[in-house]
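Encoded as structure tokens, the structure appears first; notes follow it.
The values are calculated or read from the model by the stated rules, or taken from the named source; none is laboratory data. Quick caveat: nothing in here was measured; it's all calculated off a predicted structure. A quick note on method: Cβ atoms are made from the backbone with ideal geometry, for glycine too, and the neighbour counts reach across all protein chains shown.
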Amino acid sequence: MWLPAPGTPICARDALADKPARSFILCDPQDSENQLDIIVWRDGEDVAAFVNQCPHLKVPLETFPDRLLNSAGSALICSAHGAQFDRQGGCFVGPCEGDVLTRVAIETRSAKADEGYEVGRKIIVFAGVLSHS
Ligand code: FES
């Protein structure tokens, strides 16, 4: 799995104001074949992130852009076969029950010049992939 450099911007924090769960694809500027599809999921002030790959068939969770939450907005849901995932990425119902999404470590900081955001705007950045044990 290709990983972006730590500190790579994912999105503006306020991009999650209207849609609490969104997906973003980070690309290697040297090789567009290298990509990482990430889900960012906000719940109040808490923001969690995961690799957008269902543990059941290794496909992205959503069929339609950013349709990532169940009808109650309380869990991520895979549109393929309905697996649902809690805030820790654990599947609690569906064909991969007991399995987990791969967590992504993120940080929030102020944007710097040349990052594509207004300087000082709060952005969420990639900090690494957390292996699950
Ligand atoms: S591919 Fe996600 S539940 Fe089957």
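Some observations on this one:
- Failed item, numbered, when D46 is tested on (1) surrounded by 15 or more Cβ atoms within 10 Å (Cβ to Cβ); (2) touching a residue at least 12 places away in the same chain (Cβ under 8 Å): (1)
- Scanning region 80-97 for any residue that is under 17 Å from L16 (Cβ atoms), modelled with pLDDT of 95 or more and either of a type in the set (D, E) or not in a loop (DSSP other than H, G, I, E, B) (or both) turns up nothing.
- Test: residue in region 102-120 that is within 16 Å of the ligand (Cβ to nearest atom) and surrounded by fewer than 19 Cβ atoms within 10 Å (Cβ to Cβ): yes
- Taking region 98-133 as the range and being assigned to a strand (DSSP E or B) and among the β-branched types (V, I, T) as the test, the residues that pass are V100, V104, I106, T108, I123, I124, V125, V129.
- Filter result for Q53 (away from the ligand (no atom under 13 Å from the Cβ), out of contact with any helix residue (DSSP H, G or I) (no Cβ under 6 Å at 6 or more places or on another chain) and not in a strand (DSSP E or B)): no
- Pairs where the first residue, in region 67-82, is within 17 Å of V51 (Cβ to Cβ) and the second is more than 12 Å from the ligand (Cβ to nearest atom) and among the polar types (S, T, N, Q), C-beta under 9 Å, 6+ apart: L68/S23; L76/N70; I77/N70; I77/S71
- Test: R13 is in contact with an Asp or Glu (Cβ under 7 Å, 6 or more places away or on another chain) and among the charged types (D, E, K, R): no
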